[in-house]
Amino acid sequence: MSQSVRYTCFILIAVFFGALSPAAGSLSESEAASTDMNDTMMSANLTYYTEQLPPYNYMDNGTLKGISIDLLEAITEKMGKKVTREEIHLVSWTEGYQAALTRNNTVLFVTARTPEREQSFKWVGPIYSDKYVLFAKRDPGVTIDGPEDLKEYRIGVISDDVAAQQLLNIGVNQSQIVPKSNASANIAALENDEIDLWACPEEAGRHFTEQVTGNYYAYTVVYQLEAQDLYYAFNKNTSDSVIKSFQQALDALKQEKDSAGISKYDRILGQHIPSVGLARLNYLTEEWAPFNYQEDGNVTGISVEILESVFKNIGVNRSGADVRIVPLAEGFKIAQNNSSTVLFSIVRTAEREPLYKWAGPFTRASFVLYAPISSNITISSAEDLNQYRIGTVEASIENDLLASQGVSESQIVNGETPEDLLQMLADGEIDLWATGDLAGRHQMLQSSEDPNNYEIVYTLSENDFYYIFSKDVPDALVLAFDNALETVRKQKDEQGVSDYERIIYRNLGVGCARQAFTDDLVVELVNTTAAAIENNAADTFRRINAGEAPYRNQEDPSLYVFVYDMNLTMVAHADNIQVVGENFRGKTDVTGKPFRDDILEGALNNGTGWVDYVYMHPVQANLYYKTTYYRLTRGSDGNSYIVCSGNYKDCHNESEATPANNSTASPEELVAFVEKAFEYAHVNGQEAAFREFNNQTGQFVDGELYIFAYDTNGTTLALPFQPEIIGTNRWNLTDANGTLFIQDLISTAKSGGGFVQYLYADPADNFTVKQKLSYVMMVNQSWILGAGIYNPPENSSIVNAGIDPQVRESLKSFVGEAIDYANTSGKDAAIAKFNDQNGTFVRGNLYVYAFDYNGTTLALPYQPQLIGTDLSGLQDPYGVNYTKVEIFLAQQGGGFLFYHYYNPARNMTPEPKMSYVQKVDDTWWLGAGTYIENLNETTQPY
């Protein structure tokens, strides 16, 4: 590993002093010139000492680098005689400190200026400010809330370092402080349990830790000491005029601005401090949804959201508003021109590799070929591709992918933007369009093209995406960005979910992965690990956290082991050491499932078992369904542990896969189909919805399922297989039994939505009249939409619940009672009442939940950890964005909905649920629901 420094978390607290005027003082011009000459000669005759302390001063590949090194060169150059880095001595801190104390004409840097040191040196600065922290091994037993908690621990420091005095100043006993010669000695002492804590500046400590252990996050920060201003410390016998000249030169570097309004001092900081340097870069992307695109004048998308999380992690004062969309070819040209540029989202190839610096990957997607359905194009193999004209964005990865498949350059037609290429495909100027699967569909919707007029006829590849940096961006900034990206992916919040997981789930949902190994290998790994823990727990945990084999498969890192104690504190994790020492009791996956609690319960009751949940993939970016095997074991230390390993799931024929809607569609599938159409109508508007619903090859015609729509007077708005009826009023239409089913459909929709049964002709079976079960919903109080299945199953529990007037009225009454309370008592008092598990609105397992119209949780008494969380992106296994459906229902007054949600009474198993929601006012809404399968037992919580 290079000694290049990773700078992730520095906090800019630098103190800027006013510049001293060059004309200040009472010397004559000749005297001043003589003094300046003498000072210049004196600066050249000084001896400079420094230590290895990134990012201020450090050796990297034989060259001294860092803020203080660059700054010293600039100061002395301004004074007339630049000191080169070859003239600076890199020594241990103790050697340099003693030299500056005892030898004339010596300078030591960087040195913390403290009251205790004030009279021992003369000072020039400040250079910057930094904070010392206390590192510990990832042991859940180390908890430090204040200085009084430090008395139990032995703390390692470097001899003569300011950390020792800082510790004494906050009450640490001298006997607790263990001086060592350097950082490596402290790390060795920490590993060998000779010390419990280690005091060091945070980023330097992380750098040293990675050098020694190979893992940047091997240790955790358990306490922060006060920030210290850092200076150049001169031997106290140094001439005051030399000190004054140095200080004046430094002040000038801070104050004098270039044409861009940036001082030389700030430019030096920007080379080494990520929060400063990354804020000055240019951020470019292309129009390529859903990863990066413009919407309502704002640049957004998955990669932009992840970028903003990286900014937040590092402390960069930038946002998505600072990102500019350009054609991809232009972006590449800019990035190749040493222009301090970041470009994304980019696929990494051998040809591109040497042209840029890289951070990532952060997500992945499939590249495909779209063709108009009407063209009847079939691609059986890559050899078929040369028969067609294939459009790609200029300079995009699709060009390389086509070339790798043997496509002739003469068959490739370049366009500047995806919009251009879609138009060319629609106009017949190209036969196929090479693009991302998601990006292509998004562009069709943006361009008011019906996506269902096109089909994917060939998949080129699946690729990871990166952020790329122009070559002039310092390595330190790229490494810091990459480090922060890893933190965004792996660092869990108070709910047990990372920022990355939330972003991916909100935008892409959950996928399925190809299984690279068998479940038998998972069980074997768990059993092997359990045996090792029984023999030597401490050494096994060390090896797991180091990612050693067999605990992390070197050929396929997605096969790894992790271990909990019986409090659900992570004691070892072969893929993510950042979670070691963290307690996960009650915490969930991104869907809200507390799977770790399930693991604990299963281990206590059965010893072994399997649990399903959603998790990140360590090799393939994005979220996937995962099944984990666990085993309870007793370690050599006498403690019990739960050993776990998992496999990412192939969803073929699995319950997690979105069910296909066909001639045997279930009532659950029917409801999901209608609720998706309801959301589509609200998101895209009435006109676009009717166009889509009436399209026989559209997304809302699937087997026997299709969407119909009527206004509240019975006028037909959508009926894809009977287009001649569009615009006809059917209010008085009856079925063969004389049922006024149109009126029943409208009446049911007005009452909140639900099921209606009648006889109707099946267009998929030559319009044979059959028993039909339809589900309907009201849209904006002006029209209804619905769909149906023919010859529905008898005794469906979801249908029985939906048509049961007692169930419907009890939910509406309960919600109405809660709204009355809110209107009488006020919003704040009502929310407090609804969150009270012992309150009047929690009756057994029936309770009220509340949200605002952005999807932010206001009341959820059985899941208080989700209060304040945005749940608008939640989907059930059928792909229903049920929180969004609830929001739209509430905004138009209220209504019923069905969806799948984790049932806490049944080990968080996803089950069908019926809820009723209603608007309180323009700022929030309420709901309550019941699990279908438990209606004969009790009403279950949300």
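The values are calculated or read from the model by the stated rules, or taken from the named source; none is laboratory data. Owing to the predicted nature of the structure, the values given are computational and were not obtained by experimental measurement. As a convention, Cβ positions derive from the backbone with ideal geometry for all residues, glycine included, and neighbour counts pool all protein chains shown.
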Exercise. With respect to Gly826, is the statement that it is over 17 Å from Gln918 (Cβ atoms), without any contact (Cβ under 8 Å) to a residue 40 or more places away in the chain and in contact with a Lys or Arg (Cβ under 9 Å, 6 or more places away or on another chain) true?
Worked result: no
Problem set entry | Residue among Ser408, Ser381 that alone is over 27 Å from Glu295 (Cβ atoms), at pLDDT 95 or above and surrounded by fewer than 16 Cβ atoms within 10 Å (Cβ to Cβ) | Ser408
Problem set entry | Residue list for segment 462-481, restricted to those being more than 19 Å from Thr285 (Cβ to Cβ) and within 24 Å of the chain's Cα centre (by Cα) | Glu462, Asp475, Ala476, Leu479, Ala480
For this session: Check off (1) in contact with an Asp or Glu (Cβ under 9 Å, 6 or more places away or on another chain); (2) crowded, with 20+ Cβ neighbours inside 10 Å; (3) charged (D, E, K, R) for Glu398 and give me the number that stays unchecked.
Result: (1)
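Confirm whether Val580 is surrounded by 18 or more Cβ atoms within 10 Å (Cβ to Cβ) and among the hydrophobic types (A, V, I, L, M, F, W, C).
On the way: surrounded by 18 or more Cβ atoms within 10 Å (Cβ to Cβ): yes; among the hydrophobic types (A, V, I, L, M, F, W, C): yes.
Yes, satisfied.
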Problem set entry | Criterion: of a type in the set (D, E, K, R) and in a strand (DSSP E or B) - qualifying residue of Lys770, Lys812 | Lys770
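Being in contact with a Lys or Arg (Cβ under 7 Å, 6 or more places away or on another chain) and either within 18 Å of Phe367 (Cα to Cα) or not assigned by TED's automatic domain parsing to the domain that holds Thr349 (or both), is that true of even one residue in segment 404-412?
Scanning segment 404-412 turns up at least one residue that is in contact with a Lys or Arg (Cβ under 7 Å, 6 or more places away or on another chain) and either within 18 Å of Phe367 (Cα to Cα) or not assigned by TED's automatic domain parsing to the domain that holds Thr349 (or both).
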Problem set entry | Subset of segment 638-669 [of a type in the set (A, V, I, L, M) and either at pLDDT 95 or above or part of a strand (DSSP E or B) (or both)] | Ile642, Val643
Problem set entry | Scope segment 289-302; condition in contact (Cβ under 8 Å) with a residue 40 or more places away in the chain and either in contact with a strand residue (DSSP E or B) (Cβ under 7 Å, 6 or more places away or on another chain) or not assigned by TED's automatic domain parsing to the domain that holds Gln336 (or both); matching residues | Phe291, Asn292, Tyr293, Gly301, Ile302
Exercise. Which pairs do you get when a residue that is over 11 Å from Pro723 (Cα atoms) and modelled with pLDDT of 90 or more, found in segment 690-701, comes within reach of a residue that is among the aliphatic types (A, V, I, L, M) and assigned to a helix (DSSP H, G or I), reach meaning Cβ atoms under 6 angstrom, with the pair 6+ apart or on two chains?
Worked result: Phe700/Ala677
Seminar exercise, completed: Within segment 182-197, the residues that are over 18 Å from Thr143 (Cα atoms), part of a loop (DSSP other than H, G, I, E, B) and not polar (S, T, N, Q) are Glu194
Exercise. Given Leu150, Leu167, which one is in the same structural domain as Tyr223 (by TED's automatic domain parsing), assigned to a helix (DSSP H, G or I) and closer than 30 Å to Tyr564 by Cβ?
Worked result: Leu150
Problem set entry | Number of the exception - Gly315 against (1) within 26 Å of the chain's Cα centre (by Cα); (2) surrounded by fewer than 21 Cβ atoms within 10 Å (Cβ to Cβ); (3) at pLDDT 95 or above; (4) not polar (S, T, N, Q) | (3)
Problem set entry | Among (1) more than 30 Å from Tyr58 (Cα to Cα); (2) in contact with a Phe, Trp or Tyr (Cβ under 8 Å, 6 or more places away or on another chain); (3) crowded, with 22+ Cβ neighbours inside 10 Å; (4) at pLDDT below 95, the one test that Arg364 misses | (3)
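For the structure I just gave you, tell me whether Lys180 is in contact with a Gly (Cβ under 7 Å, 6 or more places away or on another chain), free of Cβ contacts under 8 Å to residues at least 40 places away in the same chain and either basic (Lys, Arg) or within 20 Å of Thr94 (Cβ to Cβ) (or both). Show your work before the answer.
Details: in contact with a Gly (Cβ under 7 Å, 6 or more places away or on another chain): yes; free of Cβ contacts under 8 Å to residues at least 40 places away in the same chain: yes; either basic (Lys, Arg) or within 20 Å of Thr94 (Cβ to Cβ) (or both): yes.
Taking the combined requirement at face value, the residue satisfies it.
Sort out for me the strands (runs of 3 or more DSSP E) sitting completely within segment 675-765 that have 1 or more residues that are buried (at least 19 other Cβ atoms within 10 Å of the Cβ) and of a type in the set (Val, Ile, Thr).
Details: elements: 708-711, 716-718, 754-762.
By residue number, 716-718, 754-762.
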Exercise. Among the residues of segment 104-118, is any among the aliphatic types (A, V, I, L, M) and modelled with pLDDT under 95?
Worked result: no
Exercise. Of Arg585, Arg552, which residue is within 30 Å of Leu871 (Cα to Cα) and free of Cβ contacts under 8 Å to residues at least 24 places away in the same chain?
Worked result: Arg585
Problem set entry | Scan of segment 835-860 for residues that are without any contact (Cβ under 8 Å) to a residue 40 or more places away in the chain, of a type outside the set (S, T, N, Q) and touching a Pro at 6+ places or on another chain (Cβ under 9 Å), ordered by number | Asp836, Gly839, Phe841, Val842
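Suppose we keep only residues that are of a type in the set (D, E, K, R) and within 23 Å of Cys200 (Cα to Cα) within segment 84-115. Which one would you say is surrounded by the most Cβ atoms within 10 Å (Cβ to Cβ)? I'd like the intermediate steps shown before the answer.
At the first step, the residues of segment 84-115 found to be of a type in the set (D, E, K, R) are 85-87, 95, 103, 113.
Keeping just the survivors that are within 23 Å of Cys200 (Cα to Cα) gives 95, 113.
On the way: Glu95: 16, Arg113: 19.
Top of the filtered list is Arg113.
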Seminar exercise, completed: Going through segment 660-674 in order, the residues found to be crowded, with 18+ Cβ neighbours inside 10 Å and touching a helix residue (DSSP H, G or I) at 6+ places or on another chain (Cβ under 8 Å) are Asn661, Ala665, Pro667, Glu668, Val671
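From Thr363, Thr349, which residue is under 30 Å from Glu308 (Cα atoms) and assigned to a strand (DSSP E or B)? Don't jump to the end; show me each part of the working.
Details: Thr349 fails: assigned to a strand (DSSP E or B).
It is Thr363.
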Problem set entry | segment 513-530, subset under 30 Å from the mean Cα position of the chain (by Cα) and among the polar types (S, T, N, Q), residue farthest from Arg364 (Cα to Cα) | Thr518
For this session: Inspect all residues belonging to segment 114-136 and state whether any of them is part of a helix (DSSP H, G or I) and within 44 Å of the chain's Cα centre (by Cα).
Result: no
For this session: Only residues that are of a type in the set (Gly, Ala, Ser) and either surrounded by 16 or more Cβ atoms within 10 Å (Cβ to Cβ) or closer than 30 Å to Ala199 by Cβ (or both): list them for segment 53-83, please.
Result: Gly62, Gly66, Ser68, Ala74
For this session: For Ile243, indicate whether it is more than 19 Å from Lys151 (Cβ to Cβ) and at pLDDT 95 or above.
Result: yes
